[in-house]
Amino acid sequence: MNYVFITRKILDPAEKMLRAKGYQVKVYPGDQIIPRDELLKGVKGASAILSLLTDRIDEGVLQAAGPQLKIVANYAVGFDNIDLEAAKRHGVVVTNTPHEKVTEAVAELTFALVIGLARRIAESDKFAKAEKYHGWSPTLLIGAGLPGKTIGIIGAGRIGASAAAMGVKGFGMKLVYSDMKSNPEIEKELGAKKVSMQKLLQISDFVSLHVPLLPSTRHLISTKELALMKKTAFLINTARGPVVDEKALLKALAAKKIAGAGLDVFECEPAIDCDVRDQLELKKFPNVILTPHTASATIESRQAMSETAAKNIIAVLSGKKPLNPTK
Ligand code: DGY
């Protein structure tokens, strides 16, 4: 009988779908990131692992599972937590969950950060709750309007394009993008212009990151890139933390080289700040909005991720091609 190990409780319907196929399903019962020793124990004898982005799936895990392992179905769009080379060596298929509901959810939170930064929503909330509001003022918490402003998307895949569409169609923003590949669809439908990343950084009022974490994208945004941005521009990262050099970002914020940042992901996640010894901390900046990697956290998205991961497992264990192979 096929045994499927799920590394943490997730939303329905994955477990039900897998049990309905007659597989033996075990879910790690702790409501926490699975400890390494539990992971190594849990995967033993599994034909499929349903993993989360917080699980490091490497040679050790693949070996602990055994030669019957056929698929690692990651419960995320990103799969930088998985050693793809090791999986290939073991003949294990790796899949992800690029469902349209996930695209919508992440794009939505990206845009929530855009609006939140532009209209200083977190600062305003803090101000009002601290009972500092003593009457309407012509200059209180003035922000920036969106129409006519430029949003720059670094990585114009599904999520980047969807966030950009909200800006263009909903708020009359202009759109530029940088990517290795052209995206003719957003050029045609949203009037997007493809530019170099340097140019994008120079002309955008909002720079939003939508690239996967790869060796080539680690610290894609560092001192040099931040220096190219306008002093009035905001940086938004809903991709992966290490795409931004957090130390460089802190320095740019302290020197007011950019206007602020909206971050859903962090370089040393789950730590918000990698190192607080130098006194610069993201959480101390009022012009920085932080969300705890919740971009995909809608019921619709998390259920779609669950269903997609289960469908990939069922396909592979039935000898069929997976829906969402990572390559
Ligand atoms: C993903 O799907 O990669 C997201 O980061 C999960 O929220």
Checklist entry - Failed condition for residue 253, given (1) surrounded by fewer than 18 Cβ atoms within 10 Å (Cβ to Cβ); (2) more than 21 Å from residue 55 (Cβ to Cβ), with all others met? => result (1)
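Yes or no, residue by residue, for (1) closer than 30 Å to residue 53 by Cα; (2) within 17 Å of the chain's Cα centre (by Cα):
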site	(1), (2)
177	yes, no
183	yes, no
197	yes, no
203	no, no
214	yes, yes
224	yes, no
230	no, no
Next on the checklist: Here is a check on your reading of the model: is residue 306 of a type in the set (S, T, N, Q) and in the same structural domain as residue 111 (by TED's automatic domain parsing)?
Outcome noted: no
Checklist entry - For the range 1-39, how many residues meet the condition of being open to solvent by 60 Å² or more (accessible area, probe 1.4 Å), aliphatic (A, V, I, L, M) and not in a loop (DSSP other than H, G, I, E, B)? => result 1
Checklist entry - Taking residue 264, is it assigned by TED's automatic domain parsing to the domain that holds residue 108 and under 20 Å from residue 151 (Cβ atoms)? => result yes
Checklist outcome for this item: Among 107, 73, 64, the single one that is more than 28 Å from residue 155 (Cβ to Cβ) and among the aliphatic types (A, V, I, L, M) is 64
Item to check | Evaluation of residue 256 against (1) within 15 Å of the ligand (Cβ to nearest atom); (2) within 30 Å of residue 203 (Cβ to Cβ); (3) of a type in the set (D, E, K, R) (one fails), failing number | outcome: (1)
Item to check | For residue 104: the one exception among (1) within 19 Å of residue 315 (Cβ to Cβ); (2) within 16 Å of the ligand (Cβ to nearest atom); (3) among the acidic types (Asp, Glu) | outcome: (1)
Checklist entry - When residues of the range 227-252 are filtered for being assigned to a helix (DSSP H, G or I), over 17 Å from residue 117 (Cα atoms) and away from the ligand (no atom under 16 Å from the Cβ), how many remain? => result 6
Next on the checklist: Being more than 21 Å from the chain's Cα centre (by Cα) and not assigned by TED's automatic domain parsing to the domain that holds residue 163 is the requirement here; does residue 322 meet it?
Outcome noted: yes
Item to check | strands (runs of 3 or more DSSP E) lying entirely in the range 85-181 (those with 1 or more residues that are open to solvent by 50 Å² or more (accessible area, probe 1.4 Å) and more than 26 Å from residue 305 (Cα to Cα)) | outcome: 174-178
Checklist entry - Counting only residues that are away from the ligand (no atom under 16 Å from the Cβ) and within 24 Å of residue 120 (Cβ to Cβ), how many does the range 204-226 have? => result 6
Checklist outcome for this item: Residues of the range 69-84 being more than 9 Å from the ligand (Cβ to nearest atom) and surrounded by fewer than 21 Cβ atoms within 10 Å (Cβ to Cβ), in sequence order, are 70, 81, 83, 84
Checklist entry - For residue 56, are the conditions met, namely being open to solvent by 60 Å² or more (accessible area, probe 1.4 Å) and within 23 Å of residue 297 (Cβ to Cβ)? => result yes
Checklist entry - Any idea which of (1) within 22 Å of the chain's Cα centre (by Cα); (2) in contact (Cβ under 8 Å) with a residue 60 or more places away in the chain; (3) surrounded by 15 or more Cβ atoms within 10 Å (Cβ to Cβ) is the one residue 294 doesn't satisfy? => result (3)
Checklist entry - Which members of the range 275-291 meet the condition of being surrounded by fewer than 19 Cβ atoms within 10 Å (Cβ to Cβ) and more than 16 Å from the ligand (Cβ to nearest atom)? => result 275, 276, 277, 278, 279, 280, 281, 283, 284, 285, 286, 287
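The values are calculated or read from the model by the stated rules, or taken from the named source; none is laboratory data. All figures in this text were calculated on a predicted structure; none of them were measured in a lab. Cβ coordinates were reconstructed from backbone atoms using ideal geometry, including for glycine residues, and neighbour counts include every protein chain displayed. In case anyone asks, the SASA skips ligands and DNA or RNA and just uses the protein heavy atoms, side chains included. Shrake-Rupley method; radii C 1.70, N 1.55, O 1.52, S 1.80 Å.
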